[in-house]
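Heads up: the structure comes next, in structure tokens.
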2 protein chains.
Amino acid sequence: MTVIPNLNIVPFVSVDHMMKLVLRVGIDTFLRELADAVEEDFRRWESFDKTPRIASHSKEGVIELMPTSDGTLYGFKYVNGHPKNMKEGRQTVTAFGVLSDVGNGYPLLLTEMTILTALRTAATSAVAAKYLARKNSRSMAIIGNGAQSEFQARAFKAILGIDTLRLFDIDPSASEKCARNLAGQGFAIKICESAQEAVEGADIITTVTADKQYATILTDNMVGPGIHINAVGGDCPGKTELHRDILLRSDIFVEYPPQTRIEGEIQQLPADYPVTELWQVITGEKQGRASERQITLFDSVGFATEDFSALRYVRSKLPSTGLYTELDLLADPDEPRDLFGMLLRCEAALV
Amino acid sequence: MTVIPNLNIVPFVSVDHMMKLVLRVGIDTFLRELADAVEEDFRRWESFDKTPRIASHSKEGVIELMPTSDGTLYGFKYVNGHPKNMKEGRQTVTAFGVLSDVGNGYPLLLTEMTILTALRTAATSAVAAKYLARKNSRSMAIIGNGAQSEFQARAFKAILGIDTLRLFDIDPSASEKCARNLAGQGFAIKICESAQEAVEGADIITTVTADKQYATILTDNMVGPGIHINAVGGDCPGKTELHRDILLRSDIFVEYPPQTRIEGEIQQLPADYPVTELWQVITGEKQGRASERQITLFDSVGFATEDFSALRYVRSKLPSTGLYTELDLLADPDEPRDLFGMLLRCEAALV
């Protein structure tokens, strides 16, 4: 029998360590490298075992598990979505995740994913926009200026060079917070009085509101030719942001159709409405933006492979940074079949 | 805004703390109280949101997520099954689990579940046997003397008064380990040379082998009238322990038919073969054992509600024992929408 030391230990990245990791690597570098990992995994889309996330819905929100595997590694994320949380001082969305070795089933990493999800969502949005927005895009409207908004802005700057932001939120203090947090980071920022004002002249519109309802953040008349819409907030049955007419005028790009048809903006459309899968655009199998006047829509709901990419990226950073602790998570008896004996020896040691 | 302290913290029960918790409570008491929790939750079966576990199969084994919710609490377990692990000094089955608040989606507990799964599996087996085995049962054959065997023995003693064990394993050293671990705990133990010898005169037969294959641990001629079979090891597509003819002579009791038909012994039978749900026996809706000569079979695969019971039971023990640590798992910015600001403040603090 091979003796492998510390089989009981799983590296754990706490919230504090995640923040330090992001800062150590640098926010822009982290976003760029994470976007590369996300894009790489979209490129080998067919090697993943895919399933729509497993959702447990309640009146107040949803708890979801998002597993996937590439045959070598297995990852899953636990994530909740509870819009009312904010009023109680809690996060609308919190998450944690695990990466495991498919060969033996042992977890290799447990990490916070509240911050990491914000980063991977923004990185994924930027990857999609790289293929779908007009090449000369510089200006982005962000409608909904909550926890995700600054991450979107930073990712679009780091990956696409977006340097002009037009912010709108029904709560002006959210826009002020967003503008304050992004000050001195190379953006020209305008806080707008309405969604209508925010979208004026924008090359890209990012919608990222949190209400769990059929909302109409954008109406049809607000969307001009050539726009790329990055629709992030509609990600749950009964939770959409765009008027149906916008969808009908757009070319729609999605992550994983079986999940997006349940959760995305396209839940408003018939189940066979044509959409293009983002991975096929990335591999070159399908066309992304075809003309300067086309309206492209990335109907983003967040897919398990993106979390997988984030998990493997974070894991790759641990040896060099040491920004983790060791968690005694797995029972490791001296002899594997002797789980009960381990309990007895623990008892003997306590006496 | 209500300020709630330590929103970032999730109590964590490590392997070491789990062992100390079981020993502090006492193994028998722990098994009895856990069996009560399992039985309680079977009794309110209809209040649970149920789904077959989500399995990711590979050549070497399986990784599964097992979620459930009663509308107030949500629980899930991560568990792997890799029969080849033992040869590498690893556990065949390891697990951890999380209990969360449905109202806000925040985790309330993260715990090791390798030891806890062994305990809850044994407790569930004993609950089933309480309803299905002959009342005067004293003697149990255990075929397969690996990591789960002693837990089964202790649960059947604590809950049913089983005091005579007949052990068999294809590896005699496993039987010796089992007998050694159970010495001085009130059992009369016989190590047998064959499965045939082990079942002679036994009131209950527990099969708990680990090979991922269609095995035939028991053949039809080995099972006499009045026996209760507690079939624990067949719990995966392609992994069974009993000859099909035994199933045809038995009355079969299962946890959750949609899962058991995929994973249990009854995967050998047509999809509409009649089975009885254990919860209905516990509530009195259906009959359990009807006669002294009937062969009853608990085709156990392990269901998410049992892990839920185990999670809520462990959580109930934490305040009085303090046997946990605090994990910084959830981002908790001063203002909930200010996740990015938390990162900036961390940066400022590092300078």
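The values are calculated or read from the model by the stated rules, or taken from the named source; none is laboratory data. As the structure is a computational prediction, the values presented were derived from the model and not from experiment. Glycine also receives a Cβ, built like all others from the backbone with ideal geometry; neighbour counts cover every protein chain displayed. For the accessible areas, the whole protein counts, side chains as well, though only heavy atoms, and no ligand, DNA or RNA atoms are used. Shrake-Rupley method; radii C 1.70, N 1.55, O 1.52, S 1.80 Å.
If the condition is being within 8 Å of another protein chain (Cβ to nearest Cβ), open to solvent by 10 Å² or more (accessible area, probe 1.4 Å) and assigned to a helix (DSSP H, G or I), then region B:91-120 contributes no residue at all.
Within region A:127-169, the set of residues being over 26 Å from A:Gln287 (Cβ atoms), touching a Ser or Thr at 6+ places or on another chain (Cβ under 6 Å) and among the small types (Gly, Ala, Ser) comprises A:Gly144 only. Among the conditions (1) crowded, with 24+ Cβ neighbours inside 10 Å; (2) in contact (Cβ under 8 Å) with a residue 40 or more places away in the chain; (3) outside the structural domain of B:Leu318 (by the TED database); (4) within 20 Å of A:Phe340 (Cβ to Cβ), the only one that B:Cys178 does not satisfy is (2). Of a type in the set (Asp, Glu), within 11 Å of chain A (Cβ to nearest Cβ) and surrounded by fewer than 24 Cβ atoms within 10 Å (Cβ to Cβ): does that describe B:Asp163? No; evaluated as a whole, the condition is false for this residue. The listed residues are A:Gly264, A:Gly322, A:Gly341, A:Gly288, and the only one of them that is open to solvent by less than 30 Å² (accessible area, probe 1.4 Å) and not assigned by the TED database to the domain that holds A:Cys236 turns out to be A:Gly341. For the residues B:Leu65, B:Leu73, the requirement of being aliphatic (A, V, I, L, M), in the same structural domain as B:Lys87 (by the TED database) and more than 14 Å from B:Tyr313 (Cα to Cα) singles out B:Leu65. Consider region A:242-254 and keep the residues that are assigned to a strand (DSSP E or B) and free of Cβ contacts under 8 Å to residues at least 60 places away in the same chain. The one that is surrounded by the fewest Cβ atoms within 10 Å (Cβ to Cβ) is A:Asp251.
When B:Ala198, B:Ala147, B:Ala155 are screened for being at pLDDT below 95, among the small types (Gly, Ala, Ser) and surrounded by 24 or more Cβ atoms within 10 Å (Cβ to Cβ), only B:Ala147 passes.
Taken over region A:267-285, the criterion of being loosely packed, with under 15 Cβ neighbours inside 10 Å and part of a helix (DSSP H, G or I) is satisfied by A:Thr283 alone. As a summary of the residue check, A:Lys87 satisfies the conditions (1) open to solvent by 20 Å² or more (accessible area, probe 1.4 Å); (2) modelled with pLDDT of 95 or more except for the one numbered (2). For region A:170-196, the tally of residues that are assigned to a helix (DSSP H, G or I) and at the interface with chain B (Cβ under 10 Å from one of its Cβ atoms) stands at 6.
For region A:286-308, a residue qualifies if it is among the charged types (D, E, K, R) and assigned to a strand (DSSP E or B), and exactly one does: A:Asp299.
The set of residues in region A:302-317 being farther than 22 Å from A:Val79 by Cα and either in contact with a Gly (Cβ under 9 Å, 6 or more places away or on another chain) or open to solvent by less than 10 Å² (accessible area, probe 1.4 Å) (or both) is empty.
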